[in-house]
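The values are calculated or read from the model by the stated rules, or taken from the named source; none is laboratory data. As the structure is a computational prediction, the values presented were derived from the model and not from experiment. Methodologically, a virtual Cβ is constructed for each residue, glycine included, from the backbone with ideal geometry; neighbour enumeration extends over all protein chains shown. These area figures cover heavy atoms from the full protein model, side chains too; ligands, DNA and RNA do not enter into them. Shrake-Rupley method; radii C 1.70, N 1.55, O 1.52, S 1.80 Å.
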Amino acid sequence: MIEIAPSILSADFARLAEQVRAAEDGGASLLHVDVMDGHFVPNLTLGPPVVASLRKATSLPLDVHLMIENPDAFIPAFAEAGADWISVHQEACRHLHRTLELIRTSGARVGVVINPATPAETLSEVLALVDFVLVMSVNPGFGGQKFIPAVLDKVRKLAAERAARGLSYRIEMDGGIAPDTIAEAVRAGAEVLVAGNAIFGKGDPAENTRRLLKAANEAAMIKV
Ligand code: DX5
Ligand code: ZN
């Protein structure tokens, strides 16, 4: 099943509930929340209180993408605030296995993320532990960047490995997803598509979400 996960990073934070509702009206089934600490990535965003407010404002599952150093210190607080999915960067975790177990214990769905420069092979020992793998298609830190097509190969590899090993993780892609890139992401095997700028950048978030979902579903139907 294809899902669109609007990233609130590009939304108007003063009208967050309204913008989230619009994306939901357009067919969003998950809400992507980008958490940045100014250390792992050169930008700062939000913490558990905003997740707690979103939890009250929408019934969509909250997909919390932690772009932070030492995520172990914050995973329980995000889970407590209402995060349904929590993902951590392979590059930020010295003891990745332990961190993934901590997410599991917290009750959230478990995700691991890799940057464009990180090989998919670095995840081979943890693939059986996760519910989803997030492949970054830009370098994390900012919305509105250009899609990096070279990462599509990693999506294909992860889909092939899942089949070969009989695993069931979902594959999510984040960064530069727009009407002109979403079809190739889906054809490579991405099933959860994050989009910030393409949804909240300009125009109506509901219409933008509808358009992306339609393009993604069409690409999924002609997938070989
Ligand atoms: C980037 C974030 C993304 C970002 C995507 O560091 O992880 O979720 O919001 O934004 P767009 O869709 O504008 O590339
Ligand atoms: Zn993200």
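Of all alpha-carbon pairs in segment 1-116, indicate the percentage at a distance above 17 angstrom.
Working: 3486 of 6670 pairs.
Roughly 52 percent, once rounded to a whole number.
Using the heavy atoms of the protein chains alone and a 1.4 angstrom probe, what is the accessible area of the chain per residue in square angstrom? Could you put the intermediate results ahead of the total?
Details: 9800 Å² over 224 residues.
Per-residue value: 44 Å².
Going Cα to Cα from residue 157, which aspartates and glutamates come in below 20 Å? Please leave out same-chain ones fewer than 8 positions away.
Candidates past the 8-residue exclusion: 91, 121, 125, 131, 172, 174, 184, 191.
Cut-off 10 angstrom, C-alpha nodes, Gaussian network model of the chain. Which of 146, 56, 214 fluctuates the most?
So, out of 146, 56, 214, the one fluctuating most is 56.
Could you list which residues have their amide H under 5 Å from that of residue 3, counting only those 5 or more apart in sequence or on another chain, with H placed in the peptide plane?
Answer set, sorted by chain and number: 192, 193.
Counting pairs of alpha carbon atoms under 8 Å apart in space and at least six apart in sequence, what relative contact order in percent does segment 1-160 give? Kindly include the intermediate steps, with their values, before the conclusion.
Numbers: 268 pairs, mean separation 26.2, N = 160.
Relative contact order for segment 1-160 comes out at 16 percent.
Determine the gain in length on full extension of the stretch residue 104-residue 207; use 0.36 nm per residue of separation and subtract their C-alpha separation, reporting nm with one decimal. All intermediate terms of the calculation are to be shown ahead of the outcome.
On the way: separation 103, 0.36 × 103 = 37.08 nm, distance 3.51 nm.
In short, 33.6 nm is gained.
Give the calculated FRET efficiency between residue 150 and residue 94 to the nearest 0.05, with a Förster radius of 25 Å applied to their Cβ-Cβ distance. Don't jump to the answer; show the numbers that get you there.
Numbers: r = 27 Å, r/R0 = 1.07.
Efficiency computed from Cβ-Cβ geometry: 0.40.
Name the helices (complete DSSP H segments) of the chain with a Cα length along the long axis of 27 Å or more and a Kyte-Doolittle mean of at least 1.0, or state none.
Details: long enough: none.
Sorted by number, there is nothing, because no helix extends far enough and scores high enough.
Give the lysines whose C-alpha is closer than 28 Å to that of residue 56, dropping any in the same chain fewer than 8 places away, or say none.
202
Quick one: order 36, 1 from most to least accessible surface, probe 1.4 Å. Working shown, then result.
Details: 36 10, 1 165 Å².
Reading off the accessible areas and sorting them downward yields 1, 36.
Pick from 205, 42, 61: which is most flexible by mean-square fluctuation in a GNM of the chain where alpha carbon atoms under 10 Å apart are linked?
42
Give me Rg/Rg_expected for segment 73-170, where Rg uses Cα atoms only and Rg_expected = 2.2 N^0.38 Å with N residues.
Working: Rg = 13.6 Å, N = 98, 2.2 N^0.38 = 12.6 Å.
The value comes to 1.08.
Can you tell me the Rg and Dmax of the chain, counting just the alpha carbons, in angstroms?
16.0, 46
Could you list which residues have their amide H under 5 Å from that of residue 109, counting only those 5 or more apart in sequence or on another chain, with H placed in the peptide plane?
Those lying under 5 Å, H to H, from residue 109 are 85, 86.
Kindly write out, for segment 63-73 in residue order, the coupling ³J(HN,Hα) from the Karplus curve 6.51 cos²θ - 1.76 cosθ + 1.60 (θ = phi - 60°), rounded to whole Hz, with x marking Gly and Pro.
9, 9, 9, 8, 10, 9, 6, 6, x, 3, 6
Take residue 165 and residue 139, extend 7 Å from each Cα along the Cα→Cβ direction, and tell me the distance between the two endpoints in nm.
A separation of 2.9 nm, rounded to one decimal place.
Of 41, 112, 64, which has the largest mean-square fluctuation in a 10 Å C-alpha GNM of the chain?
41
By how many nm would the segment from residue 72 to residue 43 lengthen if fully extended, with 0.36 nm per residue of separation less the alpha-carbon distance?
Once the chain is fully extended between residue 72 and residue 43, it gains 8.5 nm.
Let me check against my output: what whole-number percent is the relative contact order of segment 76-202, with C-alpha pairs under 8 Å and at least 6 apart? Before the final figure, lay out the partial values.
On the way: 205 pairs, mean separation 25.4, N = 127.
Value for segment 76-202: 20 percent.
Suppose each label sits 7 Å from its Cα in the direction of the beta carbon; what would the residue 25-residue 221 distance come out to in nanometres?
2.6 nm
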